Amino acid sequence: MEKLLERVTGELLGNLSVESIYSNEPVRVRRFPKPWKLLGSGNYAAVFFHPDYADYAVKVYAPGRPGLQEEAEVYRRLGNHHSYSECYYAGSNFLLLKRLNGVTFYNCIKRGIPITDQAIEDIDSALEYARSRQLHPHDVHGKNVMIHNGRGLIVDVSDFLKQEDCSMWKDFKKAYYRLYRPIASRWLFPVPAIMLEAVRKGYQLWRRRRKK
């Protein structure tokens, strides 16, 4: 792990450009060095891995984006649980995590990969476990949960210390049982990205109006 940390601090961070344009949109990765690979990006940070250390992921926070220490605390409380990653090291602007493999629910819908009832139940169970560890699950949606070998995983816990209520997962489950499951049981097909993004934007607008 020491050699990996040397590569992170020297090779990755020294040749990386990540910026946050809009607080409610994923950060933008302008530049990163080879052979590092980009796994994905969220509203706070981007996640990378090195092919020589494929079991690890490096989450790099964009300049000016808060929450790194809070996320490290969330992982400390979660400990070792099969539906979550683990934090091995917290730097000034990055976290070294256990890499989780799988496909996000969002990409499952996009690519026509079935989401299983078992995966939904696994997420429910993992969220209950988080609550038992004095955490308050927040921002759990299709881009932050994955399926691997039919089982559900939660890949982003950065907002689990927030105290306000969040209905995202409940809303997703409603859509799953009322819309996705009845259709997918008869006809499973890829959904174009432009349609998914339109739904996502519409949902964000609906949530903002509901809060007023």
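The values are calculated or read from the model by the stated rules, or taken from the named source; none is laboratory data. The model shown is predicted, which means the values in this text are computed figures rather than measured ones. In this analysis, Cβ positions are derived from the backbone assuming ideal geometry, glycine residues included, and neighbour counts consider all displayed protein chains. Calculation scope for accessible area: heavy atoms of the full protein, side chains included, ligands and nucleic acids excluded. Shrake-Rupley method; radii C 1.70, N 1.55, O 1.52, S 1.80 Å.
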Filtered residue count, the stretch 153-184, keeping only those that are more than 17 Å from A126 (Cβ to Cβ) and hydrophobic (A, V, I, L, M, F, W, C):
4
Looking only at the stretch 153-207, how many residues end up being among the hydroxyl-bearing types (S, T, Y), open to solvent by less than 50 Å² (accessible area, probe 1.4 Å) and within 19 Å of P26 (Cα to Cα)?
1
In the stretch 77-91, anything in a loop (DSSP other than H, G, I, E, B) and either of a type outside the set (D, E, K, R) or touching a Cys at 6+ places or on another chain (Cβ under 8 Å) (or both) is listed as G79, N80, H81, H82, S83, Y84, S85, G91
Filtered residues of the stretch 48-81 (kept if free of Cβ contacts under 8 Å to residues at least 24 places away in the same chain and in contact with a strand residue (DSSP E or B) (Cβ under 9 Å, 6 or more places away or on another chain)):
P51, Q69, A72, R76
Looking at the structure I just gave you, is L100 over 21 Å from K162 (Cβ atoms), open to solvent by less than 70 Å² (accessible area, probe 1.4 Å), in contact (Cβ under 8 Å) with a residue 40 or more places away in the chain and in a loop (DSSP other than H, G, I, E, B)?
yes
Would you pick out the residues in the stretch 6-42 that are in a helix (DSSP H, G or I) and touching a residue at least 24 places away in the same chain (Cβ under 8 Å)?
R7, V8, T9, E11, L12, L13
Just checking, how many residues over the stretch 144-195 are aliphatic (A, V, I, L, M), closer than 18 Å to Y129 by Cα and in contact (Cβ under 8 Å) with a residue 60 or more places away in the chain?
5
Starting from residues that are among the hydrophobic types (A, V, I, L, M, F, W, C) and open to solvent by 30 Å² or more (accessible area, probe 1.4 Å), keep the ones in the stretch 104-138 and report whichever is nearest to G40 (Cα to Cα).
I109
I'm trying to understand the selection: among the residues of the stretch 43-76, which are closer than 18 Å to L16 by Cβ and in a helix (DSSP H, G or I)?
P51, D52, Y53, L68
When you scan the stretch 54-66, do you find a residue that is at negative phi, open to solvent by 60 Å² or more (accessible area, probe 1.4 Å) and touching a Ser or Thr at 6+ places or on another chain (Cβ under 8 Å), even just one?
yes
So which residues in the stretch 139-152 are touching a Ser or Thr at 6+ places or on another chain (Cβ under 9 Å) and open to solvent by less than 60 Å² (accessible area, probe 1.4 Å)?
D139, G142, N144, V145, M146, I147, G150, G152
Selection from the stretch 67-90 of residues that are among the small types (G, A, S) and open to solvent by 10 Å² or more (accessible area, probe 1.4 Å):
G67, A72, G79, A90
Hits in the stretch 108-120 (condition: among the small types (G, A, S) and part of a loop (DSSP other than H, G, I, E, B)):
G112
